[in-house]
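Input: a single structure, listed below in structure tokens.
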Amino acid sequence: MRSPLALALAAVLVSTGCPSSNIVLNTPPQQFELRHDGDNATAPNLPPDTYEAAARFTAAQTASLTGGQLIEVQFYIFLVPASARVKIYDAGTSTSPGALIYSADVTGQITQTAFSTHTLSTPVAIGGGDLWIAIEFTHAAPQRVIGCDPGPAVADGDWLYSTLDGMWRPFNQRFPISVNWNIRGIVED
């Protein structure tokens, strides 16, 4: 897909006698951000467990990015947990992700009280279906780990899986707090 600038440049070159078939435009790829969150406000204090905080992006939200690739995940960590992984899931149902299509240990890459960026070792192709971006983390004592905005929660911005019950549920169904996780995906065309 050519940018508007590239198309305008091609039109100028053609009108000045340069054939467009000889034009090689090295325009940088465009990047798009998948997100449901606002600026970081806090991080909920969760009991000891292994969790996955996730943001689900529906087929309607990813359709315009079909053919692109998820290349990075950005996430806010308040306090570094014992372990952390970036996980990407394919389409499943409206209440749980499908097949795991990417996983990487990011424990040693986390910046505390800040956004961290993980560049995927193998980009994930955007096929126009649902995409779940998750951060798995484990801690042995009550701790504030995954960052969130001040809310209110939007649909699919606050999914939380807990090994205590083995279920995916919106965070506001587990605790009476309405927020969205600070989890973002960067897609390149």
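State which residue pairs qualify: first residue among the polar types (S, T, N, Q) and inside the stretch 32-46, second residue part of a loop (DSSP other than H, G, I, E, B) and exposed (fewer than 15 other Cβ atoms within 10 Å of the Cβ) in any location, beta carbons under 7 Å apart, and separation of 6 or more residues or different chains.
Short answer, once both residue conditions are applied: ASN45/PRO142.
This table checks each residue for (1) buried (at least 18 other Cβ atoms within 10 Å of the Cβ); (2) within 21 Å of GLY127 (Cβ to Cβ); (3) touching a Gly at 6+ places or on another chain (Cβ under 8 Å).
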{"residue": "PRO47", "(1), (2), (3)": "no, no, no"}
{"residue": "PHE57", "(1), (2), (3)": "yes, yes, yes"}
{"residue": "VAL73", "(1), (2), (3)": "yes, yes, yes"}
{"residue": "LEU79", "(1), (2), (3)": "no, no, no"}
{"residue": "ASP90", "(1), (2), (3)": "no, yes, yes"}
{"residue": "THR95", "(1), (2), (3)": "no, yes, no"}
{"residue": "ILE101", "(1), (2), (3)": "no, yes, no"}
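Could you list, ordered by first residue, the pairs with Cβ atoms under 7 Å in which the first is in the stretch 84-111 and part of a loop (DSSP other than H, G, I, E, B) and the second is of a type in the set (A, V, I, L, M) and surrounded by fewer than 18 Cβ atoms within 10 Å (Cβ to Cβ), at least 6 apart or interchain?
These pairs meet every condition: ASP90/ALA99; ASP90/ILE101.
Mind listing whichever residues of the stretch 125-153 are in a loop (DSSP other than H, G, I, E, B), exposed (fewer than 15 other Cβ atoms within 10 Å of the Cβ) and hydrophobic (A, V, I, L, M, F, W, C)?
If the condition is that a residue be in a loop (DSSP other than H, G, I, E, B), exposed (fewer than 15 other Cβ atoms within 10 Å of the Cβ) and hydrophobic (A, V, I, L, M, F, W, C), then ALA140, ALA141 are the ones that fit.
Please verify whether LEU9 is modelled with pLDDT under 95 and in a helix (DSSP H, G or I), treating the condition exactly as stated.
Against the criterion (modelled with pLDDT under 95 and in a helix (DSSP H, G or I)), LEU9 qualifies.
Considering only residues that are hydroxyl-bearing (Ser, Thr, Tyr) and part of a helix (DSSP H, G or I), look in the stretch 59-71 and name the one that is surrounded by the most Cβ atoms within 10 Å (Cβ to Cβ).
Looking at residues that are hydroxyl-bearing (Ser, Thr, Tyr) and part of a helix (DSSP H, G or I), I get THR62.
Yes or no: THR119 at pLDDT 95 or above, under 12 Å from the mean Cα position of the chain (by Cα), more than 16 Å from HIS36 (Cβ to Cβ) and of a type in the set (S, T, N, Q)?
yes
Do you know which residues across the stretch 161-189 are assigned to a loop (DSSP other than H, G, I, E, B) and not aliphatic (A, V, I, L, M)?
Across the stretch 161-189, the qualifying residues are THR163, ASP165, GLY166, PHE175, PRO176, SER178, ASN180, ASN182, ASP189.
The values are calculated or read from the model by the stated rules, or taken from the named source; none is laboratory data. Remember, it's a predicted structure, so these values are computed and weren't measured experimentally. Note that we place each Cβ from the backbone using ideal geometry, even for glycine, and neighbour counts take in every protein chain shown.
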